[in-house]
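The values are calculated or read from the model by the stated rules, or taken from the named source; none is laboratory data. Keep in mind that what you see is a predicted model, and the values were worked out from it rather than measured. Cβ placement follows ideal geometry from the backbone for every residue including glycine, while neighbour counts extend to all protein chains displayed. Keep in mind that these areas ignore ligands, DNA and RNA; they rest on the heavy atoms of the full protein, side chains included. Shrake-Rupley method; radii C 1.70, N 1.55, O 1.52, S 1.80 Å.
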Amino acid sequence: MPTTMKAVRCHGFGGQHRFDPHVQRPEPGPGEVVVRVDGSGICAADRAMWDATGPWELSFPFTPGHEFTGTVVALGAGAAEVHGINEGNRVIAELNVTAGNDFYRQRGSYHLTDHMQVLGATLDGGWAEYMIYPADAVIHKVPDGLSDKAACYTEPLANAIHGVQRADIQFDDVVVVCGAGPIGMGMVQAAALKSPRKLILINPGKPKRDLALRLGADLAFAPDDPKLVQAIGDITNGRGADVFLEASGRTTAFNQGLQLVRKGARIVVFGVYKEPAQVDLNIFGEFKELDIRGGHLAPFTYSTALDLMARGKINGDVCVTHVYPLEAFEEALTRRPDPDELQIKVMFDPQL
């Protein structure tokens, strides 16, 4: 069996990724799991690393890729018993790996811990033929019949589900989702399962708006469509939307949301932003008494994401629109969607 493998290594932010066909293949330590990577996605955060626009400080080099699915090929001592898995199982690990008696971890908010390792950032991730799932990782089996594409979509979908849960959607709510990337399209599908009175998508590109209508949205508008404000006004007797889910990563979208929602509305901010927003704070308190909620990662929602896709409630396959080999990483990373093109999730298949 070869001792080396193909991988993409990040040596610094700002275009400093390199394809390396001779990276040492990992071997499992106690409790660890080695998987053959069957698919690994590209996130907006990964592109921010490439563009040097992200807000993080990391040590280099490392293998990126925090959205992944793999097949178990080797188990360290005790790993089978700890994780309840065997060689040949298809499995996903949650990207954040925590340990110890951290304040947040003790209270169930393990995604907010002060001491966290992150697969694809502080630990080597999935842009490789093989990777390690650490002993402290939370590992989930992939349901039989779920494709590698759908399994690879689990992480962004789990984030989307967490955002929808944060929104506390009620049956009579008028809900707006802004942005139809991987998380936004997952929010559309998850929010539709909550059966709100109306579900509206805002996104510039028509192909994504059309897909959202097929996946559960009632209405879909471009951000500058004058019919958007009129439609929300007609539905709500002029009050405004009850819930606004911001998944575009654009500060202008957040400001638009402030105008579209009613008094006492709930706004969930779920994105990585490249610039600070300038807002009138009077809208939050004096004029509307808004409930602004952040959204971060996917606590306790990976298993939900896998289950909903396995039961056919959410379509993960349709959200993975492009697949590349690792050797074409630069083309995949720099690919920017045309508004007239359907591009949602771009995935590497390291076995190509």
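Brief remarks follow.
- Any hit, the stretch 326-341, residues being farther than 21 Å from ASN203 by Cβ and either in a strand (DSSP E or B) or touching a Cys at 6+ places or on another chain (Cβ under 6 Å) (or both): no
- Of all the residues in the stretch 334-352, those that are surrounded by fewer than 16 Cβ atoms within 10 Å (Cβ to Cβ) and within 14 Å of ALA128 (Cβ to Cβ) number 2.
- Enumeration of residues in the stretch 203-221 that are more than 15 Å from VAL164 (Cα to Cα), surrounded by 22 or more Cβ atoms within 10 Å (Cβ to Cβ), touching a residue at least 24 places away in the same chain (Cβ under 8 Å) and in contact with a helix residue (DSSP H, G or I) (Cβ under 6 Å, 6 or more places away or on another chain): ASN203, ALA212
- When GLY312, GLY294, GLY285 are checked against the criterion of being surrounded by fewer than 18 Cβ atoms within 10 Å (Cβ to Cβ), at positive phi and not acidic (Asp, Glu), a single residue qualifies: GLY312.
- Going through (1) under 23 Å from GLU341 (Cα atoms); (2) aromatic (Phe, Trp, Tyr); (3) touching a residue at least 40 places away in the same chain (Cβ under 8 Å) one by one, TRP127 falls short only on (1).
- Taking the conditions (1) over 19 Å from ARG262 (Cβ atoms); (2) in a helix (DSSP H, G or I); (3) out of contact with any Phe, Trp or Tyr (no Cβ under 7 Å at 6 or more places or on another chain); (4) in contact (Cβ under 8 Å) with a residue 60 or more places away in the chain in turn, ILE235 satisfies each one other than (1).
- Within the stretch 281-329, the set of residues being aromatic (Phe, Trp, Tyr) and within 24 Å of ILE139 (Cβ to Cβ) comprises PHE300, TYR302.
- Filter pass, GLU331 being more than 28 Å from GLU94 (Cβ to Cβ), touching a helix residue (DSSP H, G or I) at 6+ places or on another chain (Cβ under 7 Å) and open to solvent by 50 Å² or more (accessible area, probe 1.4 Å): no
- Looking across the stretch 315-328, the residues that are more than 23 Å from CYS10 (Cβ to Cβ), out of contact with any strand residue (DSSP E or B) (no Cβ under 8 Å at 6 or more places or on another chain) and either open to solvent by 10 Å² or more (accessible area, probe 1.4 Å) or among the hydroxyl-bearing types (Ser, Thr, Tyr) (or both) come down to ASN315, ASP317, VAL318.
- Residue match in the stretch 263-271 (condition: part of a helix (DSSP H, G or I), of a type in the set (Phe, Trp, Tyr) and surrounded by 14 or more Cβ atoms within 10 Å (Cβ to Cβ)): no
- Any hit, the stretch 279-301, residues being under 30 Å from LYS6 (Cα atoms) and either touching a residue at least 12 places away in the same chain (Cβ under 8 Å) or in a loop (DSSP other than H, G, I, E, B) (or both): yes
- With a requirement of 2 or more residues that are surrounded by fewer than 20 Cβ atoms within 10 Å (Cβ to Cβ), the strands (runs of 3 or more DSSP E) lying completely within the stretch 93-202 that satisfy it span 116-118.
- All conditions but one from (1) out of contact with any strand residue (DSSP E or B) (no Cβ under 9 Å at 6 or more places or on another chain); (2) under 22 Å from ARG209 (Cβ atoms); (3) open to solvent by 70 Å² or more (accessible area, probe 1.4 Å) apply to ASN255; the one that does not is (3).
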